[in-house]
Amino acid sequence: MRRLACVLALLAGLIWASPALAVSDPAEMLPDPAQEARARALGQQLRCLVCQNNSLEESDSDFARDMRRVIRERVRAGDDNAEVVRWMATRYGNFIRLRPEFSATTVALWASPALALLAGLAAILIGRRRRVSPPAPLDVAEEARLRRMLEK
């Protein structure tokens, strides 16, 4: 029982510490703590295009490492946060943002399921209104013709 508790504690520690291990190279970190904090915050806003579900700060891929380096270079050069994010989005597309900016494209993307549901409901309601009316009854000549055809 004691071993199990130790193993679980070790696993919990590794899982909890894994995002902190992403920036493990001291050479990658900025000497100014304020700039380093800005760079880390920017890295949390941007997606690793290799991992896709992790931010650049959480990922340990080579791409993420290179992008963290670029972010720190741009922060060191004096770019503000918006300029760094805009530069990354221009270079790698809007998908690099973990939270894309509000635009007509994102509105269409988020509204499309609701619009499809409304279109389906409208099609059902319109289909119900267009019920086929029963055919008109046969007149005397048509009934006689039908009897002759059935007698043959």
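Brief remarks on what is shown
- So residue 134, is it outside the structural domain of residue 45 (by TED's automatic domain parsing), surrounded by fewer than 10 Cβ atoms within 10 Å (Cβ to Cβ) and not in a helix (DSSP H, G or I): yes
- Scope segment 77-95; condition acidic (Asp, Glu) and in a helix (DSSP H, G or I); matching residues: 83
- Residue 17 of a type in the set (A, V, I, L, M, F, W, C), touching an Asp or Glu at 6+ places or on another chain (Cβ under 6 Å) and either surrounded by 13 or more Cβ atoms within 10 Å (Cβ to Cβ) or modelled with pLDDT under 70 (or both): no
- Applying the condition of being in a helix (DSSP H, G or I) and in contact with a strand residue (DSSP E or B) (Cβ under 8 Å, 6 or more places away or on another chain) to segment 29-76 and asking which residue is surrounded by the fewest Cβ atoms within 10 Å (Cβ to Cβ) yields 44.
- Odd one out for residue 152 among (1) over 30 Å from residue 39 (Cβ atoms); (2) at pLDDT 85 or above: (2)
- Which numbered condition residue 147 misses (of (1) within 30 Å of residue 88 (Cα to Cα); (2) part of a helix (DSSP H, G or I)): (1)
The values are calculated or read from the model by the stated rules, or taken from the named source; none is laboratory data. Quantities reported herein were computed from a predicted structural model and do not represent experimental measurements. Neighbour counts are summed over all protein chains in view; Cβ atoms, including those assigned to glycine, are modelled from backbone coordinates with ideal geometry.
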